[in-house]
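*Asks:* Below is one structure. I have some questions about it.
The values are calculated or read from the model by the stated rules, or taken from the named source; none is laboratory data. Predicted, not measured: the structure shown is a model, and the values here were computed from it. Cβ placement follows ideal geometry from the backbone for every residue including glycine, while neighbour counts extend to all protein chains displayed. Surface accessibility is based on the protein's heavy atoms, side chains included, excluding ligands, DNA and RNA. Shrake-Rupley method; radii C 1.70, N 1.55, O 1.52, S 1.80 Å.
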Amino acid sequence: MAEVKLNIQKEEPSAFELYDEGDKYGEMVFDIQGENLTVYHTEIDPEKEGKGYAKLLLDAMVNYVRTNNLKVIPLCPYVHLQFKRHEELYREIWNKVCESD
């Protein structure tokens, strides 16, 4: 069963990492500055794409943001697309002030 682990780094970007049966299959790279969590990149092993793993990472990130009263700056194309498609789900955590679109 897939599991998401939080890997916080002090001097470099952190990540939500996805493991299944002990193997790492993906990650969502982010950084926290003040009250903003900026998501830079989401990547899933090509052999594991289409299995809902990116959504597991997204859900873990959203839960973390809500628990810690943060706002999301979705620079990652995947996260930005999901926020646009499902704005009603993410409206209260989406920091649109920092976006150019």
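*Asks:* Need the failing condition index for LYS55 against (1) under 15 Å from the mean Cα position of the chain (by Cα); (2) more than 21 Å from ASN7 (Cβ to Cβ); (3) of a type in the set (D, E, K, R), just the number.
*Replies:* The number of the failed condition is (2).
*Asks:* Taking region 35-46, which residues are open to solvent by 70 Å² or more (accessible area, probe 1.4 Å) and either among the acidic types (Asp, Glu) or over 21 Å from GLU3 (Cα atoms) (or both)?
*Replies:* Step one: filter region 35-46 for residues open to solvent by 70 Å² or more (accessible area, probe 1.4 Å), giving 35, 40-41, 43, 46.
Answer for region 35-46, where residues must be open to solvent by 70 Å² or more (accessible area, probe 1.4 Å) and either among the acidic types (Asp, Glu) or over 21 Å from GLU3 (Cα atoms) (or both): GLU35, GLU43.
*Asks:* Follow-up. Restricting attention to region 47-58, and to residues there that are modelled with pLDDT of 95 or more and of a type outside the set (A, V, I, L, M, F, W, C), which single residue is surrounded by the most Cβ atoms within 10 Å (Cβ to Cβ)? I'd like the intermediate steps shown before the answer.
*Replies:* Taking region 47-58 as the starting set, the residues that turn out to be modelled with pLDDT of 95 or more are 53-58.
Okay, now just the ones that are also of a type outside the set (A, V, I, L, M, F, W, C), so 53, 55.
Values: TYR53: 20, LYS55: 11.
Result: TYR53.
*Asks:* Every residue in region 20-34 that is surrounded by 15 or more Cβ atoms within 10 Å (Cβ to Cβ), over 13 Å from the mean Cα position of the chain (by Cα) and at pLDDT 95 or above, please.
*Replies:* The answer is TYR25, and nothing else.
*Asks:* From the set of residues in region 1-19 that are of a type in the set (S, T, N, Q) and exposed (fewer than 15 other Cβ atoms within 10 Å of the Cβ), which is nearest to GLU43 (Cα to Cα)? Steps first, answer last, please.
*Replies:* Going residue by residue through region 1-19, those that are of a type in the set (S, T, N, Q) are 7, 9, 14.
Narrowing the set further to residues that are exposed (fewer than 15 other Cβ atoms within 10 Å of the Cβ) leaves 7, 9.
Numbers: ASN7: 15, GLN9: 18 Å.
Per the stated criteria, the residue is ASN7.
*Asks:* Let me ask something additional. Go through region 71-101 and give me each residue that's open to solvent by less than 70 Å² (accessible area, probe 1.4 Å) and either part of a loop (DSSP other than H, G, I, E, B) or touching a residue at least 40 places away in the same chain (Cβ under 8 Å) (or both).
*Replies:* CYS76, VAL79, HIS86, ASN95, GLU99 - these are the residues of region 71-101 that are open to solvent by less than 70 Å² (accessible area, probe 1.4 Å) and either part of a loop (DSSP other than H, G, I, E, B) or touching a residue at least 40 places away in the same chain (Cβ under 8 Å) (or both).
*Asks:* Output yes when any residue across region 59-70 is assigned to a strand (DSSP E or B), within 25 Å of LYS96 (Cβ to Cβ) and open to solvent by less than 70 Å² (accessible area, probe 1.4 Å), and no when none is. Outline the logic, then answer.
*Replies:* Taking region 59-70 and keeping what is assigned to a strand (DSSP E or B), we get none.
Within region 59-70, not a single residue is assigned to a strand (DSSP E or B), within 25 Å of LYS96 (Cβ to Cβ) and open to solvent by less than 70 Å² (accessible area, probe 1.4 Å).
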